[in-house]
Structures are given as C-alpha cells and as structure tokens.
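Colleague: Input: one structure, supplied below.
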Amino acid sequence: MSSTPGPLLVFGPRSLAYDFGPSHPLTPRRFGPGIDLLRHVGAVPGHEPEPVADAALLRLHLPGYVAAVRRLSTDPSGEGVMGLGLADNPAFAGMHEAAGAVAGGSLAAMEAILAGRTLHAHHPGGGLHHAMAGRAWGFCIYNDVALAVVRARTEGLRVLYVDLDVHHGDGVQALSSGDPGVLTLSLHESGRYLFPGTGFLDELGDGPAAGSAVNMPFEPYCGEAAWLAAVKALVPTLAAVFGPDVVVSQHGADTHAWDPLSNLRVTTTAMAAAARVVDAVAHRWAGGRWLATGGGGYEAYRVVPRAWALTWLAGAHREPPDRMPETWRDRWAAEASRFGAQRLPTSFLDEPNAGQEVGSPQRTGEERSLAMLARVRAVALPRLVREAEDRGWWAPALAWAGQELVAGIATGVGASGGAPGTPTRGATPTVRTAGLADLERLGLAPRVVAPFDPRDAAALLRAAALDGARLVAAVSDSTIVGVAVAAPSANEPAVESLLAVGVAPSFRGAGLGGALLRALVDGRPPRTPMEARVGVAERDVVEPADVETRLEIARRLLAGTGFVVRATPPDLARDDPRTLVARLPGT
C-alpha cells in the first residue's frame, strides 16, 4: 500500500476480472475512463485487490454457497444454483477469484483504516451490496461491503452504513439485521417500482436491533433537490444519535438522471454534496474513519467516472476542477461513442436537473418523496431529537473543508454547562425539577438521552428549557444521571407531549425512570392532559434491550403514572406497528 494526499484508492488488474460478459450492464469498461479520471484529479491506486481466503468469506456467506461459486467458477456451463447462472448473475470462468478479489479490496481497505495507515479509503470496484449469505443477487456474488462492516465489528467498533445507490441495500441490511452495533441507512428508489422490491419504511429491524435499519424510498422521477434534502436531513442526525466509530458508504452512480436502469433524476452535483456530508459525518463522529465504495452505475462514460472522482475528492477535501480534462475527453470520446454514449460532459458538476426540464412527474415525485421523508423521520429518530429539530432547539451542524454543509441549530450552546461525567452508582440520586440554571451548572452523564454525545444532549436540553419545556432531573453529585422532558404538543397546545425519559446505564433497574416520570406528571399544570408515543427509535444505541422488553418497560412506566394505552393510529401503525401510544387525562 502507498500513501497519497487523499483517500487510499483501491484498484488493480484483478478489478477488471469481475466481468459478466459484454452484454451485461455492469461492465468492467467503466474502469478505463473511471480510473483515468481519478488519476487526473490526483488519485493514485495504493492497493491492488487480491482474492481473500474462504475463511474471510465464511464470516457471512454459507459454506454451500461458497462451494457453489467455486464449482461454477471452474465450470460455468454447469447447472445454476443459489442465484448463480441466471441472467443477472451469469456464471463465468474465474468468478470465485474475481468476486473474492472485490471482497479482498474492501477488506484490505478496512484493515488499513483499522490499523491507522489511512483515515479514508475508496474502493470504486466495491459496493456489491445485494449479495446474500447464500444467494447471488443483483449482479453481486460476495457482499464486500457487509464483510468490511463485519471486520470493523470484530474490533468492537460500531458502524454506520450509508447506501446511496438507486437500489435498496438489501444484502447489507439483511446480513447486519441481528446486530444493533450496525446502523444501516439506505436511500433508494422505492421497491414498488425497482429491484429488489424491498427497502420500505417498515423494515426497521427486530429484537435488540429493532430501530437499526432505516430506509428512505424515493418516488420515481424525484430530482436532486429532494434527494439531497433527505441525505442532509437523515445522515447527520442519525449519526448524531448513533455515535458511530467508523462509517462505510456505498456510492452507486445509478441515481443519476442519465442512468438507463433507474428513474431518479439526481446529478453529479448532488452526488458530490452527499459524499461531502458522509466525509463530514466521519470526521465529526467517527474520528475520520471512512470506507467509501462504488456500486451501481450504468452510464459508464458520462456519469460513473465523475461520480468516482467526486467521491474521492470529497475525502481529499478538495473542490473539483472547473472543467473536465480535455485529454481525458479526447482519450475516451471514440470508445464512448461506440457504446452509445452521447457527447462527454465538459464539467464535473452537472447543470441543474442535469439539463432536463422539470415536468409534472418530477414535481409529483419530489412532493411525495418529501412526504415520505417526514414519515421516515417520525419513525427513525428519537422523539426528543425530532422535536428538537422541528422546534428549533438543536440540530447537528456539519462543515467540510471549512464550508458549512448543514447549518445546524445550537440555541442552547451559549451556556457551557458542566463537563460530561460518568458517575458510579452510590447514593440514591435526587429527583427534582431542573431549570436552565441547573442545566448550566450540572454535567450530563453519557447515554441518558439522545443525541449520543452528552455535550450535544446537554445543549438540546438547555435549548428546550429556554423554550419553556419542563424537565425533571435525577442528580448524583454534580451530574445529571436521569431526565424526563415534556413540552406543549405541537398539534394540541393544551396537551403536553412526553418527549423523553432516560437514565444513565449504571443507574438503571432501581426505579429511577418511574420516579422521574411521576415527578414530571405531578408537576404539570392543572388539568393538562399528556400524550406519549414510544417507537423502535427509543433505545440505548450501545446496549439496546429486545424491542419487546423496551416496549414492556415503557408500558409499565406509563401505566404506573396513570397513562392509558390506546390503539395505535393507522398512520403510525402503517410505518411502525409496534408504536406504543398512551394518554394521561387532565386532572
């Protein structure tokens, strides 16, 4: 491996061997113009992928499946099995070694990140996110990105996986589904219209991992504005809530308006902005540790090379040149024309809407996609965080290369507050109403409430208090170890909404949550009803209990203070059937 002033670039001769044949959409021809353009912007390959041993593949893939890949790799004319030999995944000679090298590239990139030899790595030939444990699927034989995620997990690191491909990242979601230490976020065209037919809002995970799968399905013809709005609304806030140790991302270029296999209208301008958001998230929450991969993308000359270069440049913290290199355009124009590509672009960034007219299908697609974004936020974000963003109390800020990417909200930051503390359980904490003066003076223990960083959580609570929210705190020495929060309902001002009840890990199991909620209920204004809503997002992201256990604890706490559990309204049950809804009558 060699070092370049930017992300470690993973590419070598074996990258070209992953080849389903001349008529297949996923063509290795993309590497010619793609790697050439990367070289033009200063990226030099620093690692050549090699096939990994079967033992590495068997961390996720079934032995019988790996054996089937090996068998058809030797005899491609053999009978297809386990998704192999079909039109999407035709068998080819050397298939096992070629797919193993893709996996090897992403694993080697993750090893370099874990060893501290690089902060960022970019594997454009990676991103085979559809492969399942025992099935080839969607042009993908071995799931290199899921294997890289698992490698990070073996070191105890918690992983945020962001999938920007137009197709749902179903393989990574499925292979991580039982691990609450992996948060998967896939932003894709809805499975109602596009392969693989999954990635709906209600796919949230199960057991302890419930809440660790987030899907943002877009309607067909959605363009760059709504797409990028969803990226900026979800990626930073989910990272702030989850607090990852490493970020893995898949940057499929098939969301582009010119891609022949999809229906979105995203631009390279939006793709570059999204890559910068992921880079900034990695630096803000994960110590800079970021593995970016390629993925889909079937406009091999006009789109894929620019998408790869812009992703690498995001990690290098460099702006793209104003113009595409003339030498690059001259070199690839004839080949591009032979394969049906129109005139090669002259700039890295597209015109607005990729030069296409915005018609009624696009306007409808964007309107419906933004409505879906609101539903995703309602299910995927803890209520306290979502309300904080909506009420203007707090939101994460992001910067890239000195530029503001996401403005954020920090109305509670003016007061410094006490330093975050990690008190040990000793004397029974004091439960009392907490005002702004208390929040300015006391520290906040980790993992009491979201967001993950207690400094962010403290800023949010201070802003809530400034805006009239009621807080009850459990205080041990000079540290808040538990808190309950309520504020007037955004929809019913005469009703209070219960926004959070949280207790630091070492103080749980002793009735402190119930004491906090009772004090909050007792301190409400006379004859004021309260409402509560608890979904899968309400969890300790580090050590979550099984979702049924979480809901049972919430049910007991609410019932113990007079709340009456009600039937979940259809609009909530549609998106998260496990949502618990309760109401406390006015007295």
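Colleague: Name the one entry in Gly125, Gly199, Gly181 that is modelled with pLDDT of 95 or more, closer than 27 Å to Leu38 by Cα and either aliphatic (A, V, I, L, M) or buried (at least 22 other Cβ atoms within 10 Å of the Cβ) (or both).
Modeller: It is Gly125.
Colleague: May I ask you to list the residues in the range 352-366 that are charged (D, E, K, R) and in contact (Cβ under 8 Å) with a residue 12 or more places away in the chain?
Modeller: Glu366
Colleague: Is there any pair with a first residue in the range 34-47 that is at positive phi and a second that is surrounded by 15 or more Cβ atoms within 10 Å (Cβ to Cβ) and in a loop (DSSP other than H, G, I, E, B) whose Cβ atoms are under 8 Å apart and which are 6 or more apart or on different chains, and what are they?
Modeller: Within 8 Å, the pairs are Gly42/Thr4; Gly42/Gly6.
Colleague: Ala504 - would you say it is within 21 Å of Arg583 (Cβ to Cβ) and within 31 Å of the chain's Cα centre (by Cα)?
Modeller: no
Colleague: Sticking with this structure for a sec: Restricting the range 232-259 to residues that are more than 12 Å from Val182 (Cα to Cα) and in a strand (DSSP E or B), which is farthest from the chain's Cα centre (by Cα)?
Modeller: Ranking the candidates gives His256 first.
Colleague: Here's something else I'd like to know. If I filter the range 548-563 down to residues being more than 16 Å from Asp522 (Cα to Cα) and in contact with a Lys or Arg (Cβ under 7 Å, 6 or more places away or on another chain), which single residue comes out as surrounded by the most Cβ atoms within 10 Å (Cβ to Cβ)?
Modeller: Looking at the filtered set, the residue picked out is Arg550.
Colleague: Pick out, from the range 5-80, the helices (runs of 4 or more DSSP H) lying fully within it that include 3 or more residues that are buried (at least 21 other Cβ atoms within 10 Å of the Cβ) and out of contact with any strand residue (DSSP E or B) (no Cβ under 8 Å at 6 or more places or on another chain).
Modeller: By residue number, 31-40, 63-74.
Colleague: Go through the range 175-208 residue by residue and tally those that are over 15 Å from the mean Cα position of the chain (by Cα), part of a loop (DSSP other than H, G, I, E, B) and of a type in the set (Gly, Ala, Ser).
Modeller: Number of matching residues: 4.
Colleague: Now, a different point. Need pairs with beta-carbon distance below 6 Å; first residue in contact (Cβ under 8 Å) with a residue 60 or more places away in the chain and within the range 573-587, second among the acidic types (Asp, Glu); sequence gap 6+ or separate chains.
Modeller: Close Cβ pairs satisfying both conditions: Asp575/Asp202.
Colleague: Exactly one of these conditions fails for Asp522: (1) free of Cβ contacts under 8 Å to residues at least 12 places away in the same chain; (2) acidic (Asp, Glu); (3) surrounded by 19 or more Cβ atoms within 10 Å (Cβ to Cβ). Give me its number.
Modeller: Among (1) free of Cβ contacts under 8 Å to residues at least 12 places away in the same chain; (2) acidic (Asp, Glu); (3) surrounded by 19 or more Cβ atoms within 10 Å (Cβ to Cβ), Asp522 violates only (3).
Colleague: Could you please find all residues in the range 377-423 being over 23 Å from Leu499 (Cα atoms), assigned to a loop (DSSP other than H, G, I, E, B) and at pLDDT 70 or above?
Modeller: Correct list: Ala401, Gly402, Ala407.
Colleague: Shifting gears a bit: Between residues in the range 479-494 that are touching a residue at least 60 places away in the same chain (Cβ under 8 Å) and within 21 Å of Leu466 (Cβ to Cβ) and residues that are among the charged types (D, E, K, R) and part of a loop (DSSP other than H, G, I, E, B), which pairs lie under 8 Å by C-beta distance while being six or more apart or on different chains?
Modeller: Correct list of pairs: Ala487/Asp467.
Colleague: Of the numbered conditions (1) surrounded by 24 or more Cβ atoms within 10 Å (Cβ to Cβ); (2) not in a loop (DSSP other than H, G, I, E, B), Ala273 fails exactly one; give the number of that condition.
Modeller: (1)
Colleague: Quick one: would you say Met110 is within 25 Å of Gly297 (Cα to Cα) and in contact with a Leu (Cβ under 6 Å, 6 or more places away or on another chain)?
Modeller: Yes, satisfied.
Colleague: Could you check, for the range 509-518, whether at least one of its residues is modelled with pLDDT under 95, among the aliphatic types (A, V, I, L, M) and over 33 Å from the mean Cα position of the chain (by Cα)?
Modeller: Within the range 509-518, one or more residues are modelled with pLDDT under 95, among the aliphatic types (A, V, I, L, M) and over 33 Å from the mean Cα position of the chain (by Cα).
The values are calculated or read from the model by the stated rules, or taken from the named source; none is laboratory data. The shown structure was predicted, so the numbers you read here are calculated from the model rather than taken from an experiment. No Cβ is skipped: glycine too gets one built from the backbone with ideal geometry, and neighbour counts run over all protein chains shown.
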